[in-house]
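Taking it in order: structure first as structure tokens, then the write-up.
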Amino acid sequence: MTAGKQTIGPVVSAAHLADGALPPLSEVEFALTIVSNAFQRWMVRGMAAAGVPGLTPIEVLILHAVNHRDREKTLADLCMMFNIEDTHIVAYALKKLEGLGLVAGGRRGKERTAKVTPAGAETCRRYRDIREALLVDSVQRLNFDGGELSAIAALMRALSGQYDQAARAASSM
């Protein structure tokens, strides 16, 4: 303690993990957990506000990905895009989105494909408008530079590679 101020350590969820050689990594992991949960909650509630309640976060992501650039996507494309190993997760999401009329299924050879429907594209537009009004405006008021946000995103993608490599190593132990 110095001059009435209490010094606290890093903000982490598990102090025993921060006792190692890189305590800031534990801070990043805790921040990722918090932002991931907040982002998932936002996606679900944002999509409900756009008129489609009851979707899971992965279903929201899949809908937006299928709508991306108005191009047909394969199951493998979607799994690769989101780094999802279990294809059943994506297949189930596509089936649910098809049932809601937001995505149309198809085939390219033996591979299953998906294309956004007009209703799905309209849903994505409504979500975008709600996102602009409720999220983008408030984030802009924080005065983040777009370059800073892009750098954070690049760092997160680089870290994902490190976690993937560590996961592969752990699976061989």
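The values are calculated or read from the model by the stated rules, or taken from the named source; none is laboratory data. Being a predicted model, the structure only gives us computed values, none of them experimental. Cβ placement follows ideal geometry from the backbone for every residue including glycine, while neighbour counts extend to all protein chains displayed. With ligands, DNA and RNA removed, areas are computed over all heavy atoms of the protein, side chains included. Shrake-Rupley method; radii C 1.70, N 1.55, O 1.52, S 1.80 Å.
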Completion exercise
Packing-ranked peptide list from 146-154, 32-40, highest mean Cβ count within 10 angstrom first, is 32-40, 146-154
Exercise for the section: For the chain, find the longest principal axis of its Cα atoms and tell me its angle to the long axis of helix 118-131, 0 to 90°, nearest 10. Expected result: 30 degrees
Handout entry: With all protein chains modelled, accessible area of residue 8 [1.4 Å, Å²]
Key = 120 Å²
Completion exercise
Taking a straight Cα-to-Cα line shorter than 15 Å from residue 96, and setting aside same-chain aspartates and glutamates fewer than 8 residues away, one finds 59
Completion exercise
With the stretch 106-164 reduced to its Cα atoms and the Debye formula applied, log10 I(q)/I(0) at q = 0.14 1/Å amounts to -0.76
Handout entry: Coarse-grained scattering of the chain at q = 0.09 Å⁻¹, given as base-10 log I(q)/I(0) from a Debye sum over alpha-carbon atoms
Key = -0.44
Exercise for the section: Mind pulling up the Rg/Rh value for the stretch 1-40? Radius of gyration and Kirkwood radius, both on Cα. Expected result: 1.12
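Give the accessible surface of the chain per residue, rounded to a whole number of Å², with probe radius 1.4 Å and ligands, DNA and RNA excluded.
Values: 11680 Å² over 173 residues.
Spelled out: the 1.4 Å probe surface of the chain, per residue, equals 67 Å².
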Exercise for the section: Compute the acute angle (0 to 90°) between the alpha-carbon long axis of helix 23-49 and the principal axis of greatest extent of the alpha-carbon atoms of the chain; round to the nearest 10°. Expected result: 30 degrees
Fill in the blank from the handout: Long-range amide H partners of residue 113, meaning residues 5 or more apart or on another chain whose placed amide H is closer than 5 Å, are 106, 107, 108
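Averaging sequence separations of C-alpha pairs under 8 Å and six or more residues apart, then dividing by the length of the chain, give the relative contact order as a whole percent.
Working: 141 pairs, mean separation 27.1, N = 173.
Worked out over the chain, it gives 16 percent.
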Handout entry: Rg [Å, one decimal], Dmax [Å, integer] - the stretch 1-90, C-alpha atoms
Key = 19.2, 63
Problem - Those aspartates and glutamates that a straight Cα-Cα span of less than 13 Å connects to residue 73, excepting residues fewer than 8 apart in one chain - result: 111
Exercise for the section: Could you size up the charge dipole of the chain around its Cα centre, putting +1 on the beta carbon of Lys and Arg and -1 on that of Asp and Glu, and report it in debye to the nearest 20? Expected result: 600 debye
Exercise for the section: Specify the angular offset, from 0 to 90 degrees and rounded to the nearest 10, of the alpha carbon long axis of helix 87-99 from the longest principal axis of the alpha carbons in the chain. Expected result: 50 degrees
Handout entry: Fraction of accessible area attributable to carbon and sulfur, the stretch 39-173 (%, probe 1.4 Å)
Key = 58 percent
Completion exercise
For residue 70 the rounded accessible area (nearest 10 Å², probe 1.4 Å, non-protein molecules ignored) is 100 Å²
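Would you calculate a helix-derived [θ] at 222 nm for the chain, using -39,500 (n - 2.57) for each DSSP H run of n ≥ 4 and dividing by the full residue count, to the nearest 500?
Working: 7 runs with 103 residues, N = 173.
Theoretical 222 nm ellipticity from helices: -19500 deg cm²/dmol.
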Handout entry: Relative contact order %, the stretch 55-102, counting alpha carbon pairs below 8 Å whose residues are six or more apart
Key = 43 percent
Completion exercise
If unit charges are put on Cβ atoms (+1 for Lys and Arg, -1 for Asp and Glu) and the dipole of the chain is taken about its Cα centre, the option from 135, 6, 161 lying farthest towards the positive end turns out to be 135
Practice task
State the dimensionless ratio Rg/Rh of the stretch 78-145 (Rg: radius of gyration of Cα atoms; Rh: Kirkwood radius).
Solution key: 1.13
